[in-house]
Amino acid sequence: MVFEKKYTVKLLPGAFDRMDDSPDETFYAIPRFVTHIDPGAIRVVTDLYRKYLPPGGDILDLMSSWVSHLPEEIKYRRVVGLGINDRELSRNKQLDEWSVHNLNKQPSLPYANQEFDGVIICVSLDYLIRPVEVLEELGRILKPGAPVIITYSNRCFETKAIAAWLSSSDHNRAYLIRTYLLEAGYFKEIELMDCSPEAGDPLYAVVARVR
Ligand SMILES: C[S@@+](CC[C@H](N)C(=O)[O-])C[C@H]1O[C@@H](n2cnc3c(N)ncnc32)[C@H](O)[C@@H]1O
């Protein structure tokens, strides 16, 4: 199902507050070798990557962990991971290289202009306290026309998710992401989708392309 409405979300004071505002390095110090969504939802994520990411491209997995959900049969030139736990990232077999970087401390990204052909962010955007700045950076490091694929479900680490996320319904979270993308200013063809399988974890996606 595609969301047709053109809503934007008004961000109120406190929108980016979190219950646990201690350094993210502390919360994520213990590696979590789990999958955060069930196999049906992961299949949907992988299908989205199959559909939107260009084979042979340079791909960035932002807020990456020990799994990237990329389709195994497709070869990408380079897959780069950025996350906050080195033990999770070092276990990720789909990454060619990775770095540890706290986006909430430093939203600017350690990559060159137009270095990537696609960016994926899976079940993680809700933890960013400066999401528009991070998306602006994606506008810089992606080539013109390249996609960013943002997916989410209905679960999160509640103490680390921002207030605007926790107070939104699943569908309104797509409009919240759309608002971030519009504020960042670099994106076109923004698609909001409910791709939930018939059973199990719901899965929503927001896909946009750099102008
Ligand atoms: C729920 S996990 C999802 C991991 C992975 N994308 C997946 O699909 O399984 C959230 C991830 O967000 C990343 N993360 C959380 N806060 C972060 C921050 N401040 N800077 C960078 N990455 C962060 C962590 O690396 C963590 O693995």
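FYI, it's all coordinate maths here, none of it is from the lab. Note that this is a predicted model, so its numbers are computed, not measured. Cβ coordinates were reconstructed from backbone atoms using ideal geometry, including for glycine residues, and neighbour counts include every protein chain displayed.
Between GLU25 and GLU72, the simple label model (points 7 Å from Cα in the Cβ direction) yields a spacing of 3.6 nm.
Across all C-alpha atoms in segment 1-58, the radius of gyration and Dmax reach 17.7, 43 Å.
Across the chain, the volume of the C-alpha convex hull divided among the residues equals 111 Å³ per residue. Annotation: aspartates and glutamates with alpha-carbon distance below 17 angstrom to LYS6 (same-chain offsets under eight excluded): ASP170, GLU183, GLU189, GLU191, ASP194.
So what is the 222 nm mean residue ellipticity for the chain from helices alone, if each DSSP H run of at least 4 adds -39500 (n - 2.57) and you divide by all residues, rounding to the nearest 500 deg cm²/dmol? Walk me through the numbers on the way to the answer.
On the way: 6 runs with 53 residues, N = 211.
Value at 222 nm, helices only: -7000 deg cm²/dmol.
Modelled spin labels at ASP17 and GLU183, positioned 7 Å past Cα toward Cβ, are 1.6 nm from each other.
So for the chain: antiparallel DSSP bridges make up what percent, rounded to the nearest 5? Before the final figure, lay out the partial values.
Values: 13 of 31 bridges.
So the antiparallel bridges amount to about 40 percent of the total.
Taking amide H positions as modeled 1.01 Å from N, with prolines and chain starts lacking one, the residues under 5 Å from ILE149 and 5 or more places away or on another chain are VAL119, ILE120, ILE121. Computed from the C-beta positions of ASN113 and GLU198 and an R0 of 45 Å, the FRET efficiency is 0.60 to the nearest 0.05. Compared with the direct C-alpha span, the chain from SER167 to MET1 gains 57.5 nm at full extension, assuming 0.36 nm per residue.
Contact order, relative form, for the chain: 25 percent (alpha carbon pairs under 8 Å, 6 or more residues apart, mean separation divided by residue count).
Amide hydrogen proximity for VAL79: with H placed 1.01 Å from N in the peptide plane, the residues at 5 or more positions away or on another chain lying under 5 Å are ILE59, ASP96, GLU97. Sequentially through segment 201-211, phi angles give Karplus couplings (6.51, -1.76, 1.60; θ = phi - 60°) of 5, x, 9, 10, 9, 10, 10, 9, 10, 6, 4 Hz, Gly and Pro residues having no value and appearing as x.
The lysines within cross-link reach of LYS93, meaning a Cα-to-Cα straight distance under 20 Å and a gap of 8 or more places when in the same chain, are LYS75. In this model, which of LYS105/LYS188; LYS143/LYS188; LYS5/LYS188 are farther than 18 Å apart at the alpha-carbon? Distance filter (> 18 Å) returns LYS105/LYS188.
Here segment 130-149 and segment 42-100 have alpha carbon centers that stand 16 Å from each other.
Would you mind ranking VAL9, VAL148 by Cβ crowding within 10 Å, fewest neighbours first?
Details: VAL9 17, VAL148 27.
Fewest-to-most Cβ neighbours within 10 Å comes out as VAL9, VAL148.
Neighbour counts of C-beta atoms inside 10 Å place ARG87, ARG178, ARG209 in the sequence ARG87, ARG209, ARG178, starting with the fewest.
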